[in-house]
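Data first, discussion second: the structure below is written as structure tokens.
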Amino acid sequence: MPNRAHVTSVEALEAFRAKLIVYLSKARPTLEEVSDQVIRTRVWLESTQRVYWQNQARRRAQKLQDAQQTLFSAELANLRAVTVAERMDVQRAKRAMEEAEEKLKRIKKWDRDFGSQVEPLARQLEKLQTVLANNLPEAIAFLAGAVKSLDAYNQDVRSGDSTGASDAPSATKEAPAENNSTAPEQP
């Protein structure tokens, strides 16, 4: 009795292939968006945020200096008493200045550490993008070919052609052996 494959569900392969296509269509844009976000974040850190907080630090330093000057002038003037509002303005300006300096310090730290913290992960994303761009389309094509081959095999099995086809290879294997035994030996 010839060995036959028992193919029960070519539809399962086709369903898997369809889901792989859907996965690929969703994964590619997602990875591209993540890669773009990494680039945007780097630019945001290097230029946008750094410039913003440098400007904020300068403005807030100027406000602090103005508030301190107003307080100093009031203290020297002896014409009037220093108000609580003037003292609070100085404290508020001082806190705002410290906040701007802290933000700028954090931005500089993230800018410095961005490469070492994010780049290894970005390289892994690039590898995954390569797999999605190269290997998955090949896998989808392979599955399509496998489904086609299995459908053809199932049709052959149903029509009874597989018995003759499976006997043919064994006949060709035996034929050369018989020919070798009757052929004269060559020196």
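Applying 1/(1 + (r/R0)^6) with R0 = 45 Å to the Cβ-Cβ distance of K108 and A141, what FRET efficiency is obtained, to the nearest 0.05? Numbers along the way, then the final one.
Numbers: r = 50 Å, r/R0 = 1.10.
Given R0 = 45 Å and the Cβ-Cβ separation, E is 0.35.
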Karplus 3J(HN,Hα) series, Hz, for region 132-137 with 6.51 cos²θ - 1.76 cosθ + 1.60 (x for Gly, Pro): 5, 7, 10, 6, 5, x
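Normalised by the residues of region 10-153, what does the relative contact order come to in percent, with Cα pairs under 8 Å and at least six apart?
Working: 72 pairs, mean separation 64.5, N = 144.
Relative contact order for region 10-153 comes out at 45 percent.
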Whichever lysines have a C-alpha closer than 27 Å to that of K109, once near sequence neighbours (fewer than 8 apart) are set aside: K63, K94
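Computed from the coordinates by the stated procedures, all read-outs in this text should not be read as laboratory data. Keep in mind the model is a prediction, meaning the values are calculated, not measured. All Cβ positions, even for glycine, are placed from backbone atoms using ideal geometry, and neighbour counts span all protein chains on display.
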